[in-house]
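> Quick one: the structure is below, and I'll ask about it shortly.
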Amino acid sequence: QNDKRIRVITKENGGCASARKKGMELARGRYIGFVDPDDFTTPDMFYLLHRRALLGGYEVAYCGYNEYYETTKKHLPIISDNLYHPYNLGTINPKEIRNLIITSQIAIWRCIYKAEFLKREGITFKEDIRRFDDLPFKFEVMAKARSVVSLIDFMYFYRLERPGQDISANDDRLFVHFAIFKHLDDLVKELGDAEITDLLQITKINTHLWALSKLQDKFKREYKKGVKKDLKTN
């Protein structure tokens, strides 16, 4: 009520992807960002990202982030996440940008995205995916972005050790990965780019290995069957 720049949108609960998608549809700014409700940022994160993005007209700008531990209230900066050369200088090299698909964390919340770019490429969130909807969004962004820049500042605080987080799931909720990769299989077929197809395969392997490391034993046999089928798609 005290800041006219802030609009509160009330809608029926349709999940995270639905909320993010609605925000994108109603956003008026030149750039768009997403903050998870249990996380927080430094007061100047969006100002600094916006300023850097405008300096070169970059389609994506991102900064470093901290893992914030709920139980101890301590935080740890994640330093090995493509913050340095060549990204801190800005890049328009397609190969360097595409490499971020497999060499950077998903972490879509420490970025801002040019609204014009998202609209031009038709990039949004898939409402049928109830969790981990940030994975296909990040993949599509880095597969299609023409310019990217990073800031070597750790300005986002990603809260861990909170009960109920998706990342703590160890049951059949992790089977959502197969629906996610169905969407991305359709994307790479549409793009018809061998390099992006290879990057999707690497993404699948990394994601499925992570899921198998988390899954309870009683779910692993069925999940492995799904993995074999998934990897044969490409």
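> Of Y87, Y156, which residue is within 26 Å of D193 (Cα to Cα), in contact with a strand residue (DSSP E or B) (Cβ under 6 Å, 6 or more places away or on another chain), open to solvent by less than 70 Å² (accessible area, probe 1.4 Å) and not β-branched (V, I, T)?
Y87
> Given the range 34-150, what strands (runs of 3 or more DSSP E) lie entirely inside it while holding 1 or more residues that are charged (D, E, K, R), touching a residue at least 60 places away in the same chain (Cβ under 8 Å) and within 28 Å of L160 (Cβ to Cβ)?
Ranges flagged: 60-69.
> I'm trying to understand the selection: among the residues of the range 10-29, which are assigned to a loop (DSSP other than H, G, I, E, B) and either touching a helix residue (DSSP H, G or I) at 6+ places or on another chain (Cβ under 6 Å) or without any contact (Cβ under 8 Å) to a residue 12 or more places away in the chain (or both)?
T10, K11, E12, N13, R28
> Then there is this: Residue check: is F154 of a type in the set (F, W, Y) and more than 16 Å from the chain's Cα centre (by Cα)?
yes
> Whether any residue in the range 28-40 is within 14 Å of D153 (Cα to Cα), touching a strand residue (DSSP E or B) at 6+ places or on another chain (Cβ under 6 Å) and either modelled with pLDDT of 95 or more or not hydrophobic (A, V, I, L, M, F, W, C) (or both) is what I want to check.
No.
> Read through the list (1) more than 18 Å from the chain's Cα centre (by Cα); (2) closer than 15 Å to V149 by Cα; (3) among the β-branched types (V, I, T), then give the number of the only condition that I101 fails.
(1)
> Looking at this structure, is T71 exposed (fewer than 15 other Cβ atoms within 10 Å of the Cβ) and more than 16 Å from the chain's Cα centre (by Cα)?
yes
> Which ones in the range 1-41 are polar (S, T, N, Q) and open to solvent by 30 Å² or more (accessible area, probe 1.4 Å)?
Across the range 1-41, the qualifying residues are Q1, N2, T10, N13, T41.
The values are calculated or read from the model by the stated rules, or taken from the named source; none is laboratory data. If you're wondering where the values come from, they're calculated on a predicted model, not measured in any experiment. Note: ideal-geometry Cβ built from the backbone for every residue, glycine included; neighbour counts use all protein chains shown. Heavy atoms of the whole protein, side chains included, go into the accessibility calculation; ligands, DNA and RNA do not. Shrake-Rupley method; radii C 1.70, N 1.55, O 1.52, S 1.80 Å.
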